[in-house]
Amino acid sequence: MKILITGASRGIGLDLLSRFKAEGFAVYGTYSSTLPDEKLQDCFTRVDVGNTDEVQNWVNQNVSEEDDIVLINCAGINYNSLARRAYVDDWMNVIDINLGGTFRAINAVLPFMYKKGFGRIINFSSILGQKGVVGTSAYAASKSALWGMSKAIAVENAKKNITINNINLGYINAGMTLSDVPDKLRESIIQQIPSGKFGELDDVYKTVKYLIDNEYITGSNIDLNGGLY
Ligand SMILES: NC(=O)c1ccc[n+]([C@@H]2O[C@H](COP(=O)([O-])OP(=O)(O)OC[C@H]3O[C@@H](n4cnc5c(N)ncnc54)[C@H](OP(=O)(O)O)[C@@H]3O)[C@@H](O)[C@H]2O)c1
């Protein structure tokens with residue numbers, strides 16, 4: 001099995017790549033601006049998921065029709081701004097990276113998966129897609145769009161043992177959401193989470209494995225959020 005991970009240079013993607021590599025899987029990650037650790041550099045290619053050719057070359061160079069392929073889409077960015085003050089180009093860029101980048105990678109792997117009759121695609125969506133939070137219109141739009149896109153791709157490919165699902169993350173104790181959040185704000189976020197704690201990278205890993213192992217779950221979303229809605 002070959003595991004392709006976009007946005008694997010830090011945060012959740014890096015953690016998944018490191019764990020799957022330690023388990024002996026062939027892993028292929030992308031970075032865009034964060035150079036990966038020297039020990040892992042063999043696993044990485046520099047790819048901007050906003051660039052269709054770069055995404056297709058990365059996939060074409062690493063997989064063939066003989067491979068069982070798993071694609072995990074972790075590449076993502078955020079843009080915090082009130083809608084009335086937002087720069088439209090910055091807003092659109094979030095859509096192009098989070099939604100467009102995910103689609104570019106899916107579009108590149110699907111022909112291989114279709115011919116092999118196997119594929120697992122896992123995207124990371126967010127609680128912010130379902131919960132209105134001030135300043136997050138671009139990110140929320142990019143993440144909720146993954147749900148509709150995945151349902152359509154799921155039915156197109158269901159007979160080929162290709163599944164596509166989203167993990168809707170709440171607040172994970174790694175990566176973008178809590179970086180730079182002061183202690184006081186962290187405390188107030190924790191108080192809103194029914195389980196009383198942030199999600200851990202281990203929770204993410206177990207959920208990804210579960211989706212890889214199940215061929216009958218497709219077009220669905222798993223909320224990984226400690227009960228926060
Ligand atoms: N952490 C959370 O609590 C949380 C919550 C909800 C949803 N999510 C989602 O989960 C996924 C992973 O999040 P994370 O927290 O691990 O994020 P992160 O730590 O900010 O890492 C983001 C990754 O995306 C890559 N990336 C950004 N722009 C890119 C581009 N144009 N082309 C290719 N790669 C690009 C970055 O690569 P470089 O650094 O090399 O540029 C980095 O590897 C994201 O989709 C995020 O929206 C996370």
Report summary line: Condition set touching a residue at least 60 places away in the same chain (Cβ under 8 Å) and away from the ligand (no atom under 13 Å from the Cβ), scope the stretch 1-40, selection surrounded by the fewest Cβ atoms within 10 Å (Cβ to Cβ): answer is M1
Report task. Answer yes if at least one residue in the stretch 141-153 is near the ligand (Cβ under 8 Å from one of its atoms) and not polar (S, T, N, Q), and no otherwise. Result -> yes
Query raised in the report: Quick check: is even one residue across the stretch 170-183 among the β-branched types (V, I, T) and either away from the ligand (no atom under 12 Å from the Cβ) or closer than 30 Å to D67 by Cβ (or both)?
Result: yes
Query raised in the report: Would the stretch 181-194 turn up any residue that is part of a loop (DSSP other than H, G, I, E, B), out of contact with any helix residue (DSSP H, G or I) (no Cβ under 9 Å at 6 or more places or on another chain) and among the aliphatic types (A, V, I, L, M)?
Result: yes
Requested in this report: Would you mind stating whether V63 is away from the ligand (no atom under 13 Å from the Cβ), of a type in the set (A, V, I, L, M) and surrounded by 17 or more Cβ atoms within 10 Å (Cβ to Cβ)?
Outcome: yes
Report summary line: Output for Cβ contacts, cut-off 8 Å, separation at least six or different chains, first residue assigned to a helix (DSSP H, G or I) in the stretch 127-155, second of a type in the set (D, E), reads I127/D223; A138/D90
Query raised in the report: If you take the residues of the stretch 81-108 that are part of a loop (DSSP other than H, G, I, E, B) and exposed (fewer than 13 other Cβ atoms within 10 Å of the Cβ), which of them is nearest to the ligand (Cβ to nearest atom)?
Result: Y87
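None of the figures in this text is laboratory data; all of them are computed from the coordinates on show. If you're wondering where the values come from, they're calculated on a predicted model, not measured in any experiment. Note: ideal-geometry Cβ built from the backbone for every residue, glycine included; neighbour counts use all protein chains shown.
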